[in-house]
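Have a look at the structure below before the remarks.
The values are calculated or read from the model by the stated rules, or taken from the named source; none is laboratory data. Computed from a predicted structure; not experimentally measured. Cβ coordinates were reconstructed from backbone atoms using ideal geometry, including for glycine residues, and neighbour counts include every protein chain displayed. To get the accessible areas, we keep the full protein, side chains included, count just its heavy atoms, and leave off ligands, DNA and RNA. Shrake-Rupley method; radii C 1.70, N 1.55, O 1.52, S 1.80 Å.
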Amino acid sequence: MKGASRWLFGLLIVLLPLLLITTSIRMLLTPLYLQVAYHLPGFPPDPFGFTLEERLHWANYSLSYLLNQADISFLSSQSLSNGQPLYNPRELRHMVDVKNLVQLMIRVWAGLLLLYLVVGLWAWRIQQTRAFWLAISRGGWLTLGLVLLILMGVMVSFNWLFTAFHRLFFEGDTWLFYYSDTLIRLFPLRFWQDAFTAMGLLTISMALVAAFGGKRLAQRK
């Protein structure tokens, strides 16, 4: 039992960065974050004519597609005020890929939450809560190190980090678009720079709580 416990608590340490990062991403996949992002100082206007209200409307509509169970007709049936389709065929294919990735992330996030809840209850039942909270603390420190590396990448070369991310999760050049395409007009590079930074800051905040809070709770046991 002791060997199994050590293995399980070690797994909690390794998986905590993934839990905290996916939690941060899920927090950003909300209409509230879109409101914040578009109102940040220096956020670039759309050079092709979208107003702020139009951007928010279509960005929220696109977010709804990523989170609901609808097929691509949810987007392909929509048209802009000038009668043109909201997204062209290439953009629609990319949105399908993004939705698949987002839905997978949400399932992983929910699974990890369930895992930590179940292991926490099990640790309490076998009187191993100290080991559980120590694992949370150590996982918090591990998360801090990983996220700081990501933020350094954002500061040094966000374009490289952004390209590497897309090449990892999407095939070929399916994620490349013209500046006049709706996806770029709604979500310019500045949007993703801010999103990566917000994800990092949220994750760091939760990691600090885990690192110091976990240690304090462990000392009480």
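In Å, the Kirkwood hydrodynamic radius of the stretch 22-75 over pairs of distinct alpha carbons?
Hydrodynamic radius (Kirkwood, Cα only) of the stretch 22-75 equals 12.4 Å.
Tell me the label-point distance for the pair S64, N159, using the 7 Å Cα-to-Cβ offset, in nm and rounded to one decimal.
Taking the two extended label points, one gets 3.7 nm.
Could you give the Stokes-Einstein D for the stretch 121-188 in µm² per second, using the C-alpha Kirkwood radius, 20 °C, 1.002 mPa s?
The calculation lands on 137 µm²/s.
If the chain between L114 and D173 were fully stretched, how many nm would it gain, using 0.36 nm times the residue separation less the Cα-Cα distance?
The L114-D173 span can extend by a further 17.7 nm.
Calculate what fraction, in whole %, of the accessible area of the chain sits on carbon and sulfur atoms when a 1.4 Å probe is rolled over the protein chains.
66 percent
Which helices, counted as full DSSP H runs in the chain, have an axial Cα extent of no less than 18 Å and a Kyte-Doolittle average of -0.5 or above?
2-28, 52-67, 89-125, 129-169, 189-208
At a temperature of 10 °C and a viscosity of 1.306 mPa s, determine how fast the stretch 98-221 diffuses translationally according to Stokes-Einstein, using the Kirkwood radius over alpha-carbon pairs as Rh; express D in µm²/s, rounded to the nearest whole number.
The estimated diffusion coefficient comes to 93 µm²/s.
For the stretch 157-204, would you read off the P(r) tail past 18 Å as a percentage of all alpha carbon pairs?
Here the tail beyond 18 Å accounts for 37 percent of pairs.
Normalising by the residue count of the chain, find the relative contact order in percent from Cα pairs under 8 Å and 6+ residues apart.
Value for the chain: 35 percent.
Calculate, in whole percent, how much of the Cα-Cα pair population of the stretch 63-147 lies beyond 14 Å.
Pairs farther apart than 14 Å: 75 percent.
Just to confirm, what accessible area per residue do you get for the stretch 100-221 at 1.4 Å probe, in whole Å²?
61 Å²
Taking the Cα-to-Cβ direction at L217 and at L29 and moving 7 Å from each Cα, how far apart do the two end points lie in nm?
Simple spin-label model gives 2.5 nm for this pair.
Would you give the gap between the C-alpha center of the stretch 146-221 and the C-alpha center of the stretch 44-96, rounded to a whole Å?
Here the two parts' Cα centres lie 23 Å apart.
Can you quote the Å³ per residue value for the convex hull of the Cα atoms in the stretch 1-144, rounded to an integer?
142 Å³
Would you mind working out the accessible area per residue for the stretch 7-78, using a 1.4 Å probe, and quoting it in Å²?
With the other protein chains kept in place, the stretch 7-78 gives 50 Å² per residue.
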